[in-house]
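J.: Can you read through this structure? Questions will come right after.
The values are calculated or read from the model by the stated rules, or taken from the named source; none is laboratory data. Here the structure is a predicted model, which means the values were calculated and not measured. When we count neighbours, we look across all protein chains shown, and the Cβ atoms used for this are built from the backbone with ideal geometry, even at glycine.
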Amino acid sequence: MAGKRLRAGKLRNLIAVHSNADTRDTYGGVVSGWSELTTLYAKIEAGGGSESVSGDQVSASAAFKFVCRFNPDVVTITPQMRVIYDSRTFDIVAVENVAELDVGLTISCVELSL
């Protein structure tokens, strides 16, 4: 992608990036919850999947990459955050500033299905 621009037509999927934050309830207890930080248009690339058995439970996971434009005004996206797309939740594994050129971001994620 070095020297290339991201074509707008490929960035057609609207995703939301959420961050986990602790707040206090009316009784002073700590409540953990997710809040939306930003929305971005991205291209979705499906990766491989896997399935594992632990005890009597089978769990499956699928890898995805969300490619979006780099925007210095957008908060820094970290693996402690998650992506929501089409009512599906994806845990962020890694975030790469493609070729360190501040042109595109690749957000690597895993979707867990129970």
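J.: Going by the structure shown, is SER52 at pLDDT below 90, loosely packed, with under 12 Cβ neighbours inside 10 Å and assigned to a strand (DSSP E or B)?
T.: Judged against the criteria, SER52 is a match.
J.: May I ask you to list pairs of residues, at least six apart or on different chains, whose Cβ atoms are under 8 Å apart, with the first in region 1-29 being part of a loop (DSSP other than H, G, I, E, B) and the second being among the basic types (Lys, Arg) and modelled with pLDDT of 85 or more?
T.: Within 8 Å, the pairs are LEU6/LYS43; LEU6/ARG69; LEU11/LYS43; LEU11/ARG69; ARG12/LYS43.
J.: Can we say GLU100 is modelled with pLDDT of 90 or more and either on the phi > 0 side of the Ramachandran plot or under 19 Å from the mean Cα position of the chain (by Cα) (or both)?
T.: Taking the combined requirement at face value, the residue does not satisfy it.
J.: Tell me which residues, restricted to region 77-102, are under 18 Å from LEU14 (Cα atoms) and not in a strand (DSSP E or B). Break it down into steps so the answer makes sense when it comes.
T.: Kept after step one, since they are under 18 Å from LEU14 (Cα atoms), are these residues of region 77-102: 77, 81-92, 95.
Hits for region 77-102 are ILE77, MET81, ASP86, SER87.
J.: Kindly provide the set of residues from region 13-49 that are at pLDDT below 90, closer than 30 Å to ALA99 by Cβ and surrounded by 10 or more Cβ atoms within 10 Å (Cβ to Cβ), ordered by number.
T.: Residues satisfying the conditions are ALA46, GLY47, GLY49.
J.: Of all the residues that make up region 61-76, how many are among the polar types (S, T, N, Q), more than 15 Å from ILE15 (Cα to Cα) and in a loop (DSSP other than H, G, I, E, B)?
T.: Counting residues in region 61-76 that are among the polar types (S, T, N, Q), more than 15 Å from ILE15 (Cα to Cα) and in a loop (DSSP other than H, G, I, E, B) gives 1.
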